[in-house]
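The numbers here are math on the coordinates, done by the rules we state, and not lab data. Model, not experiment: these values are computed from the prediction. In this analysis, Cβ positions are derived from the backbone assuming ideal geometry, glycine residues included, and neighbour counts consider all displayed protein chains.
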Amino acid sequence: MHERNPGARLRTAVDRFEELYGPGTCRLFRAPGRVNLIGEHTDYNDGFVLPMAIDLDVVIAARPRDDRGVRVYSSNYGEGVRFSLDAVTRDPRRPWSDYVRGVVFFFNQAFPAARGMDAVIDGTVPIGSGLSSSAAVETATAVALQGVNGLSMDRREMALLCQRAENEFVGARCGIMDQLVSACGRRGAALLLDCRSLESQAVPIPEDVVIAMCDTKKRRELASSEYNRRRAECEEAVRILGEAVPGVKALRDVAPEAFEARRHLLPDPLDRRAEHVVYENRRVQTSVAALRARDLAGLGREMAASHESLRTRYEVSCAELDAMVRIAAEVAGCLGARMTGGGFGGCTVNVVRRDAVPEFVAAVKRRYRAETGIAPAVYVSAPSDGAGEVFPEG
Ligand code: GLA
């Protein structure tokens, strides 16, 4: 269940830390998971995204060591690993630790004099639900390593280091969105991220709505092979469009009007893949304008169009996600609903009137279960701050 008592949770992490590594001071660091409001499969096309950091997160209790050893215990998996900064390799028997190891590996490259650490990791981001538990682990590891070494990295550099760990060490070809929002999130706001310049702008979420995530509980099975295929399709579309239009380096550089004039150059399904990305970038801009104008119906229309495009043009949805979106959209008080993240399972994101939340949660759970036979989970989250050190209250 969703963590409702952060103070108690931090104390539990400290207790576990002392039990494993002995008494003495440790420091606490946290990094959030994320949900993306709109801008799906645009990040690796140098485009725009509008995610927010959520209050489901990863906490690390850590203390520096005098040597180059690293000990990490995961409360979620109930097991620990130890290795040296001088020989960081993947661990096929404990793949959860590869996200930590990858960040340690690149951190050590950047700061070769780094000290090791003892650490306990405890996460509330549901694993495999598309809320970026892996980015949260990476970013939490990066802030903990900086903290125990008395160093401070630029947030964007830190996000790039974490993405590199996932791309090159773990071997998953993700874009920059998840790590960037986990690093730079702002309480009360979504972030408009330009995935080319890595600049971000806070876009406040109006007080009278909440963001709800409905977990289909469908595991994201095809996700990584199809994800890589979509990336390759986008690259191929760029190559073809770039021959006709000089200066096109990514689909980000193609406006909808320019795309329509040249779409005949692209064979199916490249035309539909590119169409999704080109219009999705524009939908992000329209959604930001709608949020700023408090036009939530306008935001809802963009979200519906995004889901439809992901379903029919980008083809990364699935029956469970489609059912969840349809069910949510029928509930009074739901102003917008779409799949979120890579697709093929995981969560939907929903904009729900604050006063309608209890009915929304009950209706979605009941109807989704009746239709699919699967019991879903619903998480409601305020937009949270990005990664950093935290202190137990009292
Ligand atoms: C996954 C990746 C992100 C992004 C989304 C799709 O979550 O990790 O980088 O590409 O899919 O928008």
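Using DSSP to define loop residues, name the GluC sites (Glu not before Pro) in segment 119-200 whose beta-carbon has at most 16 other beta-carbon atoms within 10 Å. Can you show the working numbers first?
Values: sites: Glu138, Glu157, Glu166, Glu168, Glu199; in loops: Glu199.
For GluC sites (Glu not before Pro) across segment 119-200 that sit outside H, G, I, E and B with at most 16 neighbouring Cβ atoms in 10 Å, the list reads Glu199.
Rank Pro92, Pro256, Pro206 by mean-square fluctuation in a GNM of the chain with C-alpha springs under 10 angstrom and give only the top-ranked residue.
For the chain, modelled as a Gaussian network with Cα springs under 10 Å, the answer is Pro92.
Among Pro267, Pro204, Pro51, which one shows the highest mean-square fluctuation when the chain is modelled as a Gaussian network with alpha-carbon springs under 10 Å?
Pro267
When a/c is below 1.5 the answer is rounded, else prolate if a/b is larger than b/c, else oblate, so apply that to segment 277-394 with a ≥ b ≥ c taken from the square roots of the Cα gyration tensor eigenvalues.
Judged from the Cα gyration tensor, segment 277-394 comes out rounded (a/c under 1.5).
For the chain, what does -39500 (n - 2.57) per DSSP helix run (n ≥ 4), summed and divided by total residues, give at 222 nm, in deg cm²/dmol to the nearest 500? Present the calculation step by step, with values, prior to reporting the outcome.
Working: 11 runs with 163 residues, N = 394.
That comes out to -13500 deg cm²/dmol.
What percent does the relative contact order of segment 179-330 come to when contacts are Cα pairs within less than 8 Å and at least six residues apart? Write out the running numbers ahead of the final one.
Values: 110 pairs, mean separation 29.9, N = 152.
Rounded, it is 20 percent for segment 179-330.
Over the chain, with a Gaussian network built from C-alpha contacts below 10 Å, which listed residue (Phe106, Phe83, Phe344) shows the highest mean-square fluctuation?
In this elastic network of the chain, the residue with the biggest mean-square fluctuation among Phe106, Phe83, Phe344 is Phe83.
Treating only the Cβ of Lys, Arg, Asp and Glu as charged (+1, +1, -1, -1), what charge dipole size does the chain show about its Cα centre? Round to the nearest 20 debye.
380 debye
Would you please give the FRET efficiency between Asn167 and Ala113, computed as 1/(1 + (r/R0)^6) with r the Cβ-Cβ distance and R0 = 30 Å, to the nearest 0.05? Mind dumping the intermediate values first?
Values: r = 25 Å, r/R0 = 0.84.
In this case the efficiency is close to 0.75.
Rounded to the nearest 20 Debye, what is the dipole magnitude of segment 61-220 about its Cα centre when Lys and Arg each give +1 and Asp and Glu each give -1 at the C-beta? Before the final figure, lay out the partial values.
On the way: 21 positive and 19 negative charges, 85 e Å.
The dipole magnitude comes to about 400 debye.
Cα centroids of segment 320-382 and segment 226-251: how far apart, whole angstrom?
For segment 320-382 versus segment 226-251, the Cα centre distance is 33 Å.
May I ask for the angle, rounded to the nearest 10°, between helix 133-149 and the longest principal axis of the chain, with both axes built from Cα atoms and the value confined to 0 to 90°?
Its long axis makes an angle of about 40 degrees.
State, to one decimal in nm², a quarter of the convex hull surface area for the C-alpha atoms of the chain, i.e. the direction-averaged projected area.
Numbers: hull surface 78.0 nm².
Quarter of the Cα hull surface area: 19.5 nm².
Between the helical axis of 223-244 and the dominant principal axis of the chain, each derived from Cα atoms, what acute angle in degrees is found, rounded to the nearest 10?
It works out to around 50 degrees.
With axes computed from alpha carbons, what is the tilt in degrees of helix 155-164 against the longest principal axis of the chain, rounded to the nearest 10 within 0 to 90?
90 degrees
Would you grab the residues whose amide H sits under 5 Å from the one on Ala119? Only those 5+ places off in sequence or on another chain, please, with H modelled 1.01 Å from N.
When sequence neighbours closer than 5 places are left aside, the close amide H contacts are Arg71, Val72, Tyr73.
Could you tell me the center-to-center distance, by alpha carbons, between segment 67-95 and segment 157-215 in angstrom?
Between the Cα centres of segment 67-95 and segment 157-215 lies a distance of 26 Å.
Restricting to Cα pairs below 8 Å that are 6+ residues apart, what does the relative contact order work out to for segment 238-320? Please round to a whole percent.
Numbers: 55 pairs, mean separation 19.2, N = 83.
Across segment 238-320, relative contact order equals 23 percent.
Can you pull out the trypsin sites (Lys or Arg not before Pro) in segment 56-146 whose DSSP state is coil and whose Cβ has at most 11 other Cβ atoms within 10 Å?
Values: sites: Arg65, Arg68, Arg71, Arg82, Arg90, Arg93, Arg101, Arg115; in loops: Arg65, Arg68, Arg90, Arg93, Arg115.
Those that pass, being in a loop and sparsely packed, are Arg93.
Show which lysines lie in cross-link reach of Lys365 when reach means a straight Cα distance below 25 angstrom and same-chain residues fewer than eight apart are skipped.
Reachable lysines: Lys217, Lys218.
Rank-order 229-241, 207-219 by packing density, defined as the average count of other C-beta atoms within 10 Å over each peptide's residues, highest first. Walk me through the numbers before you get to the answer.
Values: 229-241: 17.7, 207-219: 19.9.
Most protected by this proxy first, the peptides run 207-219, 229-241.
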